[in-house]
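Novice: Structure below; questions to follow.
The values are calculated or read from the model by the stated rules, or taken from the named source; none is laboratory data. Not measured: the values here are computed from a predicted model. Here the Cβ positions follow ideal geometry from the backbone for every residue, glycine too, while neighbour counts run over all protein chains shown. Please note that ligands, DNA and RNA were not included when accessible areas were found on the heavy atoms of the full protein model with its side chains. Shrake-Rupley method; radii C 1.70, N 1.55, O 1.52, S 1.80 Å.
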Amino acid sequence: MIVLLLLAAVQAPTMTDQMSGTTARLQAVSPVSEQVVWASGARGTVVRTLDGGASWTAMVVPGADSLEFRDIHALSADLAWAMTAGPGPASRIYRTTDGGKSWVLQWTNQEPRAFFDCLSFWDERRGIAISDGVDGAFVLMATDDGETWRRVPAESSPPAREGEGLFAASGTCLVTRGASHAWFGAGVNAGRVGRTTDGGRSWSLVNTPILQSTGTAGLTSLVFFDDRIGLGVGGDVAAPDSLRDRVVMTEDGGATWRLGGDLPFGGAAFGAAMVGGRTAVAVGPKGSAWTSDGGKSWTALDTRDYWSVGFSGNSGWMVGPRGRITKVEFAK
């Protein structure tokens, strides 16, 4: 028993609060390495660190100060895409190639009924962004050069049920992996997972047992440890004291899902991220927790309000309201 307790103590992560340089709510985070990290959020805000978070530089993207950057995807200290979420033209994609000194507005949504939630990239040229369903299909935008975006035809897009959508809570409702795999988790009027293995040319959708009894419940975030093993988190974003059916797990690439272990904090989890092996961290308005067995069991980290989390190696960053950034470090 003493040996087991010592091992648990060694494996437990350490947490350090950092100064983001902003009071805006941070809603997405994209670590490039253990030194280079980007995050984004309300009031057109983007922050970046080049030293692991010892210091952060905050910026407001010109022309976007009234918008919310619900997702950001960075590939280097200089290159990043940031996506605002909202109805119609409030959904936009910006890119910087000079570390945030300048930003180019690459795309503005022209579909008034679309509300974009997440974007992700396979590499510096190939990426996708996804909206809630419109006319029976999820709206997808794709790029093959990292610069120009095209709408994927409805017949090639994943089908959506009436009122089905996603949660733009943490920038992690859509994830890409390798050269051609991607998954998204639906969270409004459904708890389904969409998956592709051919770079988005075709999609299949499956049900999960995540809590989905209301229009405010479902999946918010997906994590894949490899092409087959993954987990999803979510719950009811309007029920802060809910304690059931908030974690699902897959061992066949998302073809089938089963319930995982319960989270130690109440309410919905907004985001999750892989650390390594079967270790992951999940966050929400009521706290944060980590698992070392792929989601079967969870240990609490703290009870503060977080919206998103991201990792590079053993170092991660949890972000949330009032510019909150907490660094989480697992022992190497």
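Yes/no per residue for (1) acidic (Asp, Glu); (2) within 15 Å of LEU119 (Cβ to Cβ); (3) at pLDDT 95 or above:
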| residue | (1), (2), (3) |
| --- | --- |
| ILE2 | no, no, no |
| GLN11 | no, no, no |
| SER30 | no, yes, yes |
| GLY44 | no, no, yes |
| PRO62 | no, no, yes |
| ALA80 | no, yes, yes |
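Results for (1) open to solvent by 10 Å² or more (accessible area, probe 1.4 Å); (2) in contact with a strand residue (DSSP E or B) (Cβ under 6 Å, 6 or more places away or on another chain); (3) within 16 Å of GLY86 (Cβ to Cβ), shown as yes or no for each residue.
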{"position": "SER20", "(1), (2), (3)": "no, yes, no"}
{"position": "GLN27", "(1), (2), (3)": "no, yes, yes"}
{"position": "VAL32", "(1), (2), (3)": "yes, yes, no"}
{"position": "TRP38", "(1), (2), (3)": "no, yes, no"}
{"position": "THR49", "(1), (2), (3)": "no, yes, no"}
{"position": "GLY53", "(1), (2), (3)": "no, yes, no"}
{"position": "THR57", "(1), (2), (3)": "yes, yes, no"}
{"position": "ASP65", "(1), (2), (3)": "yes, no, yes"}
{"position": "ASP71", "(1), (2), (3)": "no, yes, yes"}
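Novice: OK, next. Consider the range 45-60. How many of its residues are of a type in the set (A, V, I, L, M) and assigned to a loop (DSSP other than H, G, I, E, B)?
Specialist: Qualifying residue count, the range 45-60: 2.
Novice: Follow-up. Out of all the residues in the range 286-298, is one or more of a type in the set (Asp, Glu) and in contact (Cβ under 8 Å) with a residue 40 or more places away in the chain?
Specialist: Checked against the condition, which is being of a type in the set (Asp, Glu) and in contact (Cβ under 8 Å) with a residue 40 or more places away in the chain, the range 286-298 yields no hits at all.
Novice: Exactly one condition in (1) under 19 Å from the mean Cα position of the chain (by Cα); (2) buried (at least 21 other Cβ atoms within 10 Å of the Cβ) is not met by GLU124; state its number.
Specialist: The single condition GLU124 does not satisfy is (2).
Novice: Sticking with this one: Which one of the conditions (1) within 25 Å of GLY271 (Cα to Cα); (2) in a strand (DSSP E or B); (3) of a type in the set (A, V, I, L, M) does LEU67 fail to meet, given that it meets all the rest?
Specialist: Answer for LEU67: the failing condition is (2).
Novice: Name the residues in the range 97-119 that are in contact with a helix residue (DSSP H, G or I) (Cβ under 9 Å, 6 or more places away or on another chain), assigned to a loop (DSSP other than H, G, I, E, B), open to solvent by 10 Å² or more (accessible area, probe 1.4 Å) and not charged (D, E, K, R), would you?
Specialist: GLN110, PRO112
Novice: Just to be sure before I move on: is ARG201 buried (at least 17 other Cβ atoms within 10 Å of the Cβ) and either at pLDDT below 95 or not hydrophobic (A, V, I, L, M, F, W, C) (or both) in the structure I sent?
Specialist: no
Novice: Same structure again: Looking at the range 212-239, which of the residues that are surrounded by fewer than 22 Cβ atoms within 10 Å (Cβ to Cβ) and of a type in the set (A, V, I, L, M, F, W, C) is nearest to VAL139 (Cα to Cα)?
Specialist: Per the stated criteria, the residue is ALA238.
Novice: While we're looking at this one, here's another question. For the range 182-198, enumerate the residues that are assigned to a loop (DSSP other than H, G, I, E, B) and surrounded by 23 or more Cβ atoms within 10 Å (Cβ to Cβ).
Specialist: ALA186, GLY187, ALA190, GLY191
Novice: What's the total number of residues in the range 240-263 that are open to solvent by 20 Å² or more (accessible area, probe 1.4 Å) and under 15 Å from CYS173 (Cα atoms)?
Specialist: Of the residues in the range 240-263, 0 are open to solvent by 20 Å² or more (accessible area, probe 1.4 Å) and under 15 Å from CYS173 (Cα atoms).
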